[in-house]
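Have a look at the structure below before the remarks.
The values are calculated or read from the model by the stated rules, or taken from the named source; none is laboratory data. Computed from a predicted model, the values in this text were never measured in an experiment. For neighbour counting, all protein chains shown are included, and Cβ atoms are generated from backbone atoms with ideal geometry for every residue, glycine included.
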Amino acid sequence: MYQIIFGGVFLSDKKLLLKAVLFGTVCGLLVSVILTCIMSVFVMTCGLLPTELTSYIAVCLLSLGAFSGGVITSRITKSAGLVVGLITGFAIFLLITIMGMINSSDSVTLLTLLRFFAVILSGGAGGIVGLRRKERIHIK
């Protein structure tokens, strides 16, 4: 029997890959929400920031969440860190963009493109960093 390899993850393990990406995406979004709440407290105590600056800070916080999601996903799969990190980053980007488009009438802007590249690249970097650890995270 031949097994096709997708970025180092055997397709016979696609159930593990799907669980890992879903878990990493949820954890990455949770980290982003927590960081956004911390940033909100900081802004409320120190004063207001310009609107343009808050948009870029939100992109940075989302990138940190995608990084952590990529780390978690690659630690679960224990292989193909770059690929699973990129997939996790893309899933986070899709969810955030869809939710943003549902809640407002804004269209795709240059900031959306910046968010895309920042989240994808940081998710991939997180996937690579996550493989440096030896122990694996087990989910059932």
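Could you look through segment 124-140, keep only residues that are over 11 Å from A80 (Cα atoms) and not aliphatic (A, V, I, L, M), and pick out the one that is modelled with the highest pLDDT?
Ranking the candidates gives G126 first.
So T77 passes all but one of these: (1) at pLDDT below 80; (2) more than 26 Å from T109 (Cβ to Cβ); (3) not aliphatic (A, V, I, L, M). Which condition number does it fail?
(1)
Take V43 and tell me if it is surrounded by 12 or more Cβ atoms within 10 Å (Cβ to Cβ), at pLDDT below 95, aliphatic (A, V, I, L, M) and more than 29 Å from K14 (Cβ to Cβ).
yes
Please work out if I72 is in contact with a helix residue (DSSP H, G or I) (Cβ under 7 Å, 6 or more places away or on another chain), within 13 Å of I120 (Cα to Cα) and not aromatic (F, W, Y).
Here the answer is no, as I72 does not meet what is asked.
Could you check segment 13-56 and list, in sequence order, the residues that are of a type in the set (S, T, Y) and under 17 Å from T73 (Cα atoms)?
Hits for segment 13-56 are T25, S32.
Could you look through segment 84-117, keep only residues that are in contact with a Phe, Trp or Tyr (Cβ under 9 Å, 6 or more places away or on another chain) and of a type in the set (A, V, I, L, M, F, W, C), and pick out the one that is modelled with the lowest pLDDT?
Looking at the filtered set, the residue picked out is L111.
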